[in-house]
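Structure record follows, encoded as structure tokens.
Readers should treat all values here as calculations from the given coordinates under stated rules, not as data from a laboratory. In this text the structure is predicted, and so the values were computed from the model without any measurement. Cβ sites come from the backbone with ideal geometry, for glycine too, and all protein chains shown count toward neighbours.
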Amino acid sequence: MEKQILTFKSGNELAALAASQINYHVMGYYPITPSTQVAENLDLMCAKEECDTVLIEAEGEHSAAGLCYGASLTGARVLNATSANGLLYSIEQLPVQSGTRMPMVLNVACRSVSGPLSIKGDHSDIMYALNTGWIILYAQDAQKVYDMNLCAIKIAEKVKLPVIVGYDGFFTSHQKKRVEIFEEKAAVARFVGSNKPEFSILNTKEPITIGAYMNEPDFINNKVQLCLAMDEAKQVIQDVFDEYKTVCGRELQVSEGFYTEDCEVVMFALGSSYSTVKKAVEDLRNKGIKAGAFTINVLRPSFFDEICNYCKSAKKVLILDRQVSYGCEGGNMSLEIKAALLKMEHSVDVLTRIYGLGGKDFFVEDAIHFFEEGMKEDAKSFDFIGKNEGNLTYSFKKYFEPVTLSDSDLPSLHVEYDTKAQCYQVRGLNMNETCGKKKRMVPGHGACPGCGLFVNLNLLLRAIKGNVVLLFQTGCSMVVSAPYPFTSYRVPFVHNLFQNGAATISGIIAGYHQLQKRNQISSDPITFIMVSGDGGMDIGMGCAIAAALRNEHFILLELDNGGYMNTGYQYSYTTPLGSKSSTSHVGKNHFGKPFLHKDTCAIMAACNVPYVVSASESQPLDFMSKAAKAQKIASEEGFVYFKTLSACPLNWNDDPSSEPQVIQAAVESCYFPLYEIENGKVNITYKPKEKVSVIEYLKKMGRTKHLCDEKYQNIVEEIQKEVDRRWERLKKLESLD
């Protein structure tokens, strides 16, 4: 028995702790609520030199999965963590991992799958993974998250299959519990053992090919082997669980039953709800009702015999599903349990209730109500717990009048093409006239004080005439301004996920032109604007480049707040080098974000689009002049990329009232230069009278203030060198005809 100690931690913290004790070689990941804390905590442990795992933040979950696959091919031990749409975005890669028999571990803090957008916990994501060929363990509580993570890598390497450890998002992932952990990493090393991969892509003396093209019958045989491996896993899982008990004293079971020996009615619940159901069973037993409960801790492979054993004395089986398979009168657990019960000699009535969707609380009273309702002869076979029938006489309420064409008119403003200068010229831009316009956003939203999102968006919209349709990618600006059933917009507004905004608005534009062509809608022109930020130009960059290459007619506004702020400030590819964030801690061998900030304007300019621009709230007239030109060019020529630096006081760790000075320092240091590229011609629109050092910008934010320390002088010098290089390049490009 290895020595253990008591601690007080959440499921996410324990997943990270187990990873640090295993000391994985590589973690590839992408931030998504509520699983992000796994990477955040592991990064912090690395900064404290408690482990030496290399953490690589990919630009999206699909790439993170590919990164993990590549690392596993070398024989390295590999970890990932994700949730919800992140799991779905990566799911194409999951059968690649299992089909080539590469072990690794993936923690899934389960969450609602969008849309509509919800970040709360249910099981709608994990069920998509059932047919990917991965072993799936499911932890009821924080203790089991720790225990299963230690067992998972051992199981994976024994059967050569990847393993998911799932647990309830926000319930198990964030709630802290008293748990036992191994005091020494050496104890974990002794249990897990060393990895001795049969093959490695790095073996140049005996080279192998992995993932070759297959025809039948080889492809069929590959799937047969996967089935055989899953069958083998049943025994391996039990063996590893038994071995684990000998070193820690805690028993892990593939399934669990509670008062099932003589029960007349038995209820199934997966994950954290099982403890709630057990309490309901105790209350009913005290009333003389023979109730029971059971759960399964391993979703794949399936243990049908155990399920039948728990139901053998029951007349009714009540199934709680925290997910729904539409049109099947239940979720995946209902379908699985019904399939298992076909093996029983006698038939039982099976009732299903969908509960807890979108993180809706599930109480003991709810479980008791289902027991009592389920025992009635006329009980529905399928229903929802906590559903709201709604107001059947409801009609849409108009909270405010929309912006009309006359509301948005700017009579003095004209944008005309100057044939001599070979560029568009803005004339008659009047600040007072733009201030007098009815805003396309109503007063009031949920953003933090000092947030730059709506300052910049309003500056853009003030100089744009006529009808506007807005598309927002997921991010702070969307969440704080469009909480159902309300909206902050007087114009049409749509949301889609980070990685797909540019494609979605491209589809809207295609539909618009087709409907116009067939005289099915008004011919009034519309300006289409896509709003991105919060790292949307990392995970969404490929999609945006595709729209740029197609030269779609819309404005893509990047509100660059220099991080993934919507998920709690993990670093993005536009975060300054050396910045502290929740995934780039500062330690002895860690100095913050490990690479330079991405130049998205240069990337988009390389696509040869008609107009690329950077603008700043510190120069509002320059900003609005570019906005007016952007509308004209988007209408007549095509794609416009419009980038602005958008303050985030909460995560920049500075005073909200100081943001104008912070933004101005970024401009004066040329960290954020103001310029436009119109059909390949560079025009710098603001040249500082005296260019200041980049440290004048960095020292104003808590996230980079540590760089003032002499020991980080080399980091500051690297940033300064790159800022100077980009500035000198811009000036040279401006001088070209």
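Summary of the geometry: the range 132-154 and the range 502-553, compared by the centres of their Cα atoms, lie 42 Å apart. Summary of packing: across the peptides 446-452, 577-583, 390-396, the per-residue average of other C-beta atoms within 10 Å ranks them, highest first, as 577-583, 446-452, 390-396. In the chain, Cα pairs under 8 Å separated by at least six residues give a relative contact order of 9 percent. Annotation: the residues ILE505, ILE22, ILE210, sorted from fewest to most other C-beta atoms within 10 Å of their own C-beta, follow the order ILE210, ILE22, ILE505.
Would you work out the relative contact order for the range 513-589, in percent, from Cα pairs under 8 angstrom that are 6 or more residues apart? Relative contact order here is 26 percent. Here the residues VAL426, VAL692, ranked from fewest to most Cβ neighbours within 10 Å of their Cβ, fall in the order VAL692, VAL426. Just one of (i) 42, 34, 29; (ii) 50, 32, 23; (iii) 96, 25, 21 is semi-axes √(5λ) of the Cα gyration tensor in Å calculated from these coordinates, so which is it? Computed from these coordinates, semi-axes √(5λ) of the Cα gyration tensor in Å corresponds to label (ii). Beyond 18 Å, the tail of the calculated P(r) for the range 348-468 holds 73 percent of the Cα pairs. Pairwise Cα distances in the range 441-697 exceed 26 Å in 38 percent of cases. Normalising the average separation of contacting C-alpha pairs (under 8 angstrom, six or more residues apart) by the number of residues puts the relative contact order of the range 255-384 at 28 percent.
A DSSP coil position with no more than 11 other Cβ atoms inside 10 Å describes the following trypsin sites (Lys or Arg not before Pro) in the range 321-372: LYS343.
Note on the range 4-248: with charges restricted to the Cβ of Lys and Arg (+1) and Asp and Glu (-1), its dipole about the Cα centre is near 300 debye. Its Cα centre serving as origin, the range 441-697 has a Cβ charge dipole (Lys and Arg +1, Asp and Glu -1) of approximately 380 debye. Using the average count of surrounding beta-carbon atoms within 10 Å as a protection proxy, the listed peptides 402-414, 479-491 rank, highest first, as 479-491, 402-414. When the trypsin sites (Lys or Arg not before Pro) in the range 43-127 are filtered for DSSP coil states and for at most 16 other beta-carbon atoms within 10 Å of their beta-carbon, the remaining sites are LYS48. Applying a DSSP loop filter and a limit of 16 other Cβ atoms within 10 Å to the GluC sites (Glu not before Pro) in the range 156-244 leaves GLU183, GLU184, GLU198. What whole number of Å gives the distance from the Cα centroid of the range 714-734 to the Cα centroid of the range 374-439? When both Cα centres are located, 40 Å separates them. Going by neighbour counts of Cβ atoms within 10 Å, the residues LEU549, LEU79 line up, fewest first, as LEU549, LEU79. Distance between the C-alpha centres of the range 444-460 and the range 258-277: 49 Å, rounded to the whole angstrom. Taking the inverse of the average 1/r across all pairs of different Cα atoms in the range 255-384, what Kirkwood radius in Å do you get? That comes to 14.4 Å for the range 255-384.
Taking Cα centre as origin and charging only the Cβ of basic (Lys, Arg, +1) and acidic (Asp, Glu, -1) residues, the dipole magnitude of the range 255-384 rounds to 160 debye. Along the axis of the charge dipole computed for the range 441-697 (Cβ charges of +1 for Lys and Arg, -1 for Asp and Glu, origin at the Cα centre), the listed residues ILE508, SER532, GLY568 are led at the positive end by ILE508.
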